[in-house]
1. Which pairs in the list 191/226; 88/199; 103/212 are over 30 Å apart, alpha-carbon to alpha-carbon?
2. Does the range 124-217 come out rounded, prolate or oblate by the C-alpha gyration tensor, with a ≥ b ≥ c the root eigenvalues, rounded set by a/c under 1.5 and, if not, prolate when a/b is larger than b/c and oblate if not?
3. Within a Cβ distance under 12 Å of residue 120, other residues only, what is the Lys/Arg minus Asp/Glu net charge?
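Nothing in this text is a laboratory measurement; each read-out follows from the coordinates by a stated rule. As the structure is a prediction and not an experimental result, all values here were calculated from the model. A quick note on method: Cβ atoms are made from the backbone with ideal geometry, for glycine too, and the neighbour counts reach across all protein chains shown.
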Amino acid sequence: MRLQTCALRLPLLLTTSVMLSLPLLTSCGVPHSHGVKKGHAEREADGAFSPRDAKHAENAEAFDHEAILGSAKEAEEFDQLPPAEAKKRLAVLLEKMDRDGDKKIVRKELQQWIMRSFHLLNLEESAERFAEHDESGDGFVSWKEYMMEEFDLQPEDDVDTEEKKIRADPDRADELEMLEDDKLLFTASDKNGDGQLSKDEFVSFSHPEEDKEMYDAVVSTLLRSKDANGDGVISFQVIHKS
């Protein structure tokens, strides 16, 4: 096993406990990013749809690298480094993790570093998705641009007409649920109500766990998906079945 791989296995023992402390509700409320053109599998693979614990289970080693470096791109580059260079760069990171300078990395310091890395990973991922959705290149993502990317809407199509088609087609029930959830989150993240998302607003939309003001919207999407009888309450039996 390569030297840098051995060294970066350090967070494996702690990442699970750290992730369990994250807001679990918000991890379930991330916009689906499911579109006809992309499909579920691809979006789950890049982490935009799946919670990070699912990604960790699928590729633990790569996830550990990202948890330390705070960047998927840097993790890929790190894997290609010669062992000596990888060890050198890891030593620099360890110094940054050692907040109190006692030459030891305690559990709290590692947890804080990993939480910081999760934040940076979210920002990196959001920036990539923003670039994909900003079809006009004007620095904003409109609801129509989002629909074009995720629901295969064409530039000449009317958004309202397409939404009506989805609502009227019983075979598109799953797609309708995703549409309603994404629209609710999109509206909640549009802080100035101008009908489009800036880069900062898109972070709130794509990663609502980064914004406490998004929690109510996330809870609303979860309640709607779990409250089968529409009484406004989620019973224990529903939670247990989930």
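1. Violating the 30 Å Cα-Cα cut-off are 88/199; 103/212.
2. Working: a/c = 1.97, a/b = 1.34, b/c = 1.48.
Judged from the Cα gyration tensor, the range 124-217 comes out oblate (a/c at least 1.5, b/c at or above a/b).
3. Neighbour charge sum, excluding residue 120 itself: -3.
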